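Q: Sharing a structure here in structure tokens format.
Just so you know, all these numbers are worked out from the coordinates, no wet-lab data involved. Please read these numbers as outputs of a predicted model, since none were measured by experiment. So basically every Cβ, Gly included, is an ideal-geometry build from the backbone, and we count neighbours across all protein chains shown.
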Amino acid sequence: MTYKRRIIANFVLKFFGRRPRDVETKNSMKQLNPIPLLTCLLMSAVGLFYGLLYPYHLHYYEQMQMFQFSSQYFWETVLVLGGVADYVGRFLTQFFHITWAGATIMALLYGMVYLTSWLALQDGLTGQNKRFWPIVLLLPIRYLWINGCDENAMPALWIALAISLLAVFAIKKIGNNTLRRIVALLSFVVLYAAVGPLSFVMIALMALHELRQGDSMRWGWAVAFVVIALTLPQVAHRMVNWPLENLYKGIHYFRFTQVQLPYIWVAAGLIVVIDLLSHLAERYTKGREMANRIVLFSGTFAIIVVLIYLGVRQHYRPNNEVMMMYDDMVLNERWDDILSAAEKRTPKHPACVQCINLAMAMKGRMGDLLFRVPQSDAGALLPEFTINFSRPLTAGQIYLNLGWTNTAQRFVYEAQESIPDYEKSARCYKLLAQTHLARGERALARKYLKKLQKTLFYADWANETMALANDPDPKALAQHPFYGQLMRGAVKDDYFFSPDMMAMLGNYCTTTPHNHIATQYLLALALVERDLDTFVACFNLDQYLNGKERIPEYYQQALALEWTRKHQTLEGIPYNIDERVLDAMDRFVTDYNNQMPREQLERKYFFTYWYYYMTGEKPAQKSQTYESAAQS
Amino acid sequence: MRVLHSHNIFFACALLFSACGMEQVKNPQMVYDQPEIYPDYRGVTIPVNIAPLDFTMQSDSVLTIDAVFTGSVSGELHAQGRQSTCIDPNEWQKLLQKNQGGSLFVQVAARFPEGWRSYTPFGIDISPDSIDYGITYRLIEPGYEAYTKMGIYETRLSDSRERALIENTQFRGCVNCHSYLQGDPRYMSLHVRGDHGATLISHPGENGEMKAYNTKTQETLGFCVYPYWHPSGRYIAYSTNNTRQGFHVGGHKIIEVMDLASDMQVYDVANNQLLVCEALKGDSAFETFPAFSPDGRTLYFSVARPKNYPTELKEMYYSLCSIAFDPDSGTYGTRIDTLVNGEALRKSAVYARPSYDGRFLCYTMADYGYFHIWHAESDLWLMDLQTGESRPMTEANSPDTESVHSWSSNSRWLVFGSRRDDGQYTRPYFCHVAEDGTVGKAFMLPQRNPRQFYDGRFMSYNIPEFVTAPVPLDNKLAEKQIVSDQRVQMGVVRNR
């Protein structure tokens, strides 16, 4: 082996905790440092988890905040309790815009907590304790990961924990007892302000550390640490406008500031317990070989890995991921992807169905595909407003594409107002800038754009749009493909939003007949509401559809149904209905009149409009997919 | 008033001050127009004790802004900055003191990438009438139904320093409808909505102790909302409003707030009783926004006939009316007088606020409805209570919304909310009202870097109210009372 190669080999070995070859001994197994290997394994697992299973969770995180490179934003953020951790968390979260950047950052955060927890604990441990307890330290990570399965767990908590643990490591290095204790007390005050109550971990670890010292003052200092930990939130309460409860449990560890999952405190508590146990073990096992070392090590590792797997599997939220995926695809106008995703696996949640319906309309295929997905009610087409910070975002996109700028603006504004941690959303700001621009409110649009100009990923778009907003020529906006269309399609009559969607949409379609997305929605609404009279009336009015060579499948089914309701027979039907549809209709009517068993009827006609209409059954209750329907 | 200064004098001044670390205004190109500045302080009338009127240029391409303020009596002040004028606060106060009753002439120069430009000077009138200690207001995002962080805040007008009085982060709810007795913050009524709904009232009669009340009773319509203190401090007039919101699908307006029912009553602080007037109760009329006259013997309010919503919404015209009130017995008069007949004018007049010297009544007028903050056509009107004549306050109004106003304790200043800045975010503006009813041009609440400040603030200043001293609100105690859910139940006395 050449010298150069040996250097590289030694470097690799060193990284994995092995001694360089030249000095390697037969006891090398005993010297194996598991930390680098475990860190790499952990980070890989976490990275793959977020990158493959939670990519849209990452985007969701990014969309629920707006990190700005400005001094005002910095001070507004850091001056809140735990603000430094929150600021760093928000800074990192902006990169979640790119899936694998987000996954890497999450992997780094987990790795950082794991490494710092070991750094904080390892002082005083020797021999096999130094190799065994790193494995046990994966146990707190389990709870952090479970916590991380919830899309409302904020990155600030990983940062807060890592900073606190790093502080323990640094402070323990101070040899002088008095100096170390004073520094610990002062650091706790600073850390409490900077990262919030997770800094209690630091005080607990430092208290344990001091108790392990031999001097007579150790109990006094340990008690002082605890007293400080308990009283600092009380003092802070006099200075900040947050409930005392938040000052003990944190403000920015969970998106809902008044709620918190217990897992982070379980994780933090476990780190403290492991510190206690590891040092007790060190005290009683020092100098002695552990029996069945390999079995103990690998057994512990296996158990913890299984526990992590079971915990994460239990708390993994695939349904939320699917909803986020559909919402993200709507946001990015990936209409074909939406339709193909729905074809592979038909989602049941109305929020997903809303997205699929929009994709159908955008692709002009609503008449052919509408009942291939479970249409539960009008809300799956045009949702009403509910106070929530995520669902109105999707609904806002629907109304924006429909041309209802005011309603889109309302839904998105309200969604942003409902974000429980009071954050602003770059996604919302972008859409609000668009709606204000389309409404001719340039000053307001500029106000939002100025904020977006201070972001990393939205700045280019904001700069381009700002040029448009500043363009004194009104034609620039009117001729713009997006804004021009919105302005031309603006709702002309002044009326209030009401639950009577049919009336609102009918009015809009009358005044804006060229909006074929709205026309499709109106027809779909009539079908979903089983209002065939309105459907036929609207269909007859629609020049666009009447001018087409082929009437879409579900419209044909509805027209045939409507005709037979009034004429008993299909003879003389004035629409261009396919023979295939007429035959199928005949078969359905025959089977239905012959009281075919429900299961058979469902198998044969589940995705027909006739079945939807006659049975009143909501396909949402079924779990069939396109494929299974096609097979039947 | 607006004197064009000699270029040479200005240039000499600029040279002189450049020696103190400021950039020198070199070879300026003369612009024979007044500068386009933000906020627009050109020709405004200001009180002698207001914070420095720092301003920026409207154009984003300005690199440095330079202003020389010259007093009509004496004194001069030179300010220069990259983003705003950066006026020295001490020098500013001295300059105003020296020139009270006079004017300031402001010579502005701005450095663009291509060089300096010097503009025609503009004037600022300095009224000897001082303004109150500060204003309090709610900061809230002008949203629809949901709300995020909000609170009641106080700004000291001599230096624009802001502090939070209470914020909804403390208890998760909505705070609004704050009122003081002619600006005296010792008398305060504050309404809280949400899970911990309550009305907090404090006054010197209870040694300033704040109590949380449940204002909803069996006999009244609902919670007491819009408050107004009686000058004696014994009573508070409240309206109770059962409101609904409508959201415009088309058109320029976006929100409408409508009353489905509303009544009015007076709360007797000493006896913990709501004094209900039968004439002001019932379904035949919607009464709202009560206000006592300075002598405490008249109660002003707005009233409209119920209409069918939404079809007749645009015919919902509120009139300004008054009824006598006897503070000694706590009884109402029997006759209701109409001051402004909304139906006859086919307009809606609301939010009557009499000046405390009894000379004027300020109100807002819009096309219909009573929630004028969402009506761009809403303007301030001033009624001379001696003649009964009203006129729009053109000097203070703008093409956008003006609403929710309050008088200073000396009745010479009005603070009101205006959306002229961008059409959505309400900002506090002040205007001078002279004893003869002359109204000065309104100016925006000064800030150190106004462009950065107001661009960055995505909240509306809701219901600005003058206060004569810092509000003595212990927000921890208030938080405790709000969260405790222990409420003093108000009683009711009818047929008064």
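Q: Can you tell me the FRET efficiency between A:Val227 and B:Lys480 if r is taken as the Cβ-Cβ distance and R0 is 30 Å, rounded to the nearest 0.05?
A: Values: r = 24 Å, r/R0 = 0.80.
E between A:Val227 and B:Lys480, to the nearest 0.05, is 0.80.
Q: Of B:Lys281/B:Lys307; A:Lys447/B:Lys347; A:Lys363/A:Lys447; A:Lys447/B:Lys253; A:Lys344/A:Lys430; A:Lys424/A:Lys447, which pairs sit farther than 22 Å apart, going by alpha carbon to alpha carbon?
A: Values: B:Lys281/B:Lys307 17 Å; A:Lys447/B:Lys347 32 Å; A:Lys363/A:Lys447 34 Å; A:Lys447/B:Lys253 19 Å; A:Lys344/A:Lys430 32 Å; A:Lys424/A:Lys447 14 Å.
Long pairs (Cα-Cα over 22 Å): A:Lys447/B:Lys347; A:Lys363/A:Lys447; A:Lys344/A:Lys430.
Q: Quick check: from the Cα gyration tensor, does the stretch B:140-247 come out rounded (a/c under 1.5), prolate or oblate?
A: Details: a/c = 1.69, a/b = 1.04, b/c = 1.62.
In terms of gyration-tensor shape, oblate.
Q: Still on this structure: Hey, rough spin-label estimate for A:Tyr575 and B:Arg193, points 7 angstrom out along Cα→Cβ, what's it come to in nanometres?
A: Here the answer is 4.7 nm between the modelled labels.
Q: Quick check: Cα centre of the stretch B:415-439 to Cα centre of the stretch A:482-532, how many Å?
A: Between the Cα centre of the stretch B:415-439 and that of the stretch A:482-532, the gap is 40 Å.
Q: Right, here's the next one. Given Cβ point charges of +1 (Lys, Arg) and -1 (Asp, Glu) and nothing else, what value in debye, to the nearest 20, does the dipole of the protein assembly as shown about its Cα centre take?
A: Working: 107 positive and 110 negative charges, 1075 e Å.
Once rounded to the nearest 20, the dipole reads 5160 debye.
Q: Can I ask one more? Run the paramagnetic zone check for B:Gln245: 7 angstrom along Cα to Cβ, then residues of the stretch A:398-423 with backbone nitrogen under 12 Å.
A: A:410-418
Q: Quick one: grab the alpha carbon gyration tensor of the protein assembly as shown, order the square roots of its eigenvalues as a ≥ b ≥ c, and give me rounded if a/c is under 1.5, else prolate or oblate depending on whether a/b is larger than b/c. Please list the in-between numbers first.
A: Numbers: a/c = 1.69, a/b = 1.14, b/c = 1.48.
Verdict is oblate for the protein assembly as shown.
Q: Let me ask something else. Going through the stretch B:272-374, which trypsin sites (Lys or Arg not before Pro) have at most 12 other Cβ atoms within 10 Å and a DSSP loop state?
A: On the way: sites: B:Lys281, B:Arg297, B:Lys307, B:Lys314, B:Arg335, B:Arg346, B:Lys347, B:Arg359; in loops: B:Lys281, B:Arg297, B:Lys307, B:Arg346, B:Lys347, B:Arg359.
Loop-located and lightly packed - B:Arg346.
Q: If one computes the Cα centroid of the stretch A:399-451 and of the stretch B:164-224, what distance in Å separates the two points?
A: Here the answer is 33 Å between Cα centres.
Q: Could you give the length gained on full extension between B:Glu389 and B:Glu343, defined as 0.36 nm per residue of separation minus the Cα-Cα distance, in nm? Let's see the in-between values first.
A: Working: separation 46, 0.36 × 46 = 16.56 nm, distance 1.73 nm.
In short, 14.8 nm is gained.
Q: Taking a point 7 angstrom from the Cα of A:Leu456 along the C-beta vector, which residues in the stretch A:90-132 have backbone N less than 11 Å away?
A: Output list for this probe position: A:90-98, A:101-102, A:105.
Q: Just to confirm the filter: which GluC sites (Glu not before Pro) across the stretch A:237-302 are DSSP coil and have at most 15 other Cβ within 10 angstrom of their Cβ? Each step should come with its number before you reach the end.
A: Numbers: sites: A:Glu245, A:Glu282, A:Glu289; in loops: A:Glu289.
Loop-located and lightly packed - A:Glu289.
Q: Then there is this: List the lysines whose Cα lies under 20 Å from the Cα of A:Lys130, skipping any in the same chain that are fewer than 8 positions away.
A: Cα-Cα hits under 20 Å: A:Lys14, A:Lys26, A:Lys30, A:Lys172, A:Lys173, A:Lys286.
Q: For chain A, build the charge dipole from Cβ charges (+1 Lys, Arg; -1 Asp, Glu) around the Cα centre, then report which of A:Thr435, A:Trp610, A:Ala207 sits farthest towards its positive end.
A: A:Ala207
Q: At 222 nm, what value in deg cm²/dmol follows for the protein assembly as shown if DSSP H runs of at least 4 each add -39500 (n - 2.57) and the sum is divided by all its residues, to the nearest 500?
A: -12500 deg cm²/dmol
Q: Here is a follow-up. Where in the stretch B:116-144 does the amide nitrogen come within less than 17 Å of the point 7 Å from the Cα of B:Asp436, taken along Cα to Cβ?
A: B:126-129
Q: Next up: I'd like the per residue volume of the convex hull spanned by the Cα atoms of the stretch B:291-420, given in cubic angstrom.
A: Hull volume over Cα atoms, normalised by residue count, gives 112 Å³.
Q: Could you tell me the relative contact order of chain A? Use alpha-carbon pairs under 8 Å, at least six residues apart, and round to a whole percent. Each step should come with its number before you reach the end.
A: Numbers: 801 pairs, mean separation 79.7, N = 632.
Relative contact order here is 13 percent.
Q: Let me ask you something else. Give me the distance in nm between label points sitting 7 Å out from Cα along the Cα-to-Cβ direction at A:Arg313 and A:Leu280, one decimal.
A: 3.2 nm
Q: In addition: What FRET efficiency comes out for the pair A:Ile98/A:Trp75, r = Cβ-Cβ distance, R0 = 30 Å, nearest 0.05? Don't skip to the answer; put the middle values down first.
A: Working: r = 28 Å, r/R0 = 0.93.
Efficiency at R0 = 30 Å is approximately 0.60.
Q: What distance in nm lies between label points placed 7 Å from Cα along the C-beta direction at B:Asn27 and A:Leu48?
A: Calculated label separation equals 7.0 nm.
Q: Another question about this same structure. How would the stretch B:437-496 be classified by its alpha-carbon gyration tensor: rounded, prolate or oblate, with rounded meaning a/c under 1.5 and the a/b versus b/c comparison settling the rest? Walk me through the numbers before you get to the answer.
A: On the way: a/c = 2.89, a/b = 1.62, b/c = 1.79.
Verdict is oblate for the stretch B:437-496.
Q: With the contact rule set at Cα under 8 Å and sequence spacing of 6 or more, what percent relative contact order holds for chain B?
A: Numbers: 1326 pairs, mean separation 73.5, N = 496.
That works out to 15 percent.
Q: I've got another one for you. About the Cα centre, and with charges only on the beta carbon of Lys, Arg (+1) and Asp, Glu (-1), how big is the dipole of the stretch B:323-434? Nearest 20 debye, please. All intermediate terms of the calculation are to be shown ahead of the outcome.
A: Values: 10 positive and 15 negative charges, 19 e Å.
Here the stretch B:323-434 has a charge dipole of around 80 debye.
Q: Starting from the eigenvalues of the Cα gyration tensor, five times each then square-rooted, give me the equivalent ellipsoid semi-axes of chain A, largest first, whole Å.
A: Numbers: eigenvalues 700, 187, 91 Å².
Taking √(5λ) for each eigenvalue gives 59, 31, 21 Å, largest first.
Q: Using a Förster radius of 25 Å, what is the FRET efficiency between A:Asp215 and A:Val189 based on their Cβ-Cβ separation? Nearest 0.05, please.
A: Numbers: r = 23 Å, r/R0 = 0.94.
Here the calculated transfer efficiency is 0.60.
Q: For the stretch B:293-367, which GluC sites (Glu not before Pro) pass both filters: DSSP loop (anything but H, G, I, E, B) and at most 13 other C-beta atoms within 10 Å? Before the final figure, lay out the partial values.
A: Details: sites: B:Glu312, B:Glu315, B:Glu343; in loops: B:Glu312.
Sparse-neighbourhood loop GluC sites (Glu not before Pro): B:Glu312.
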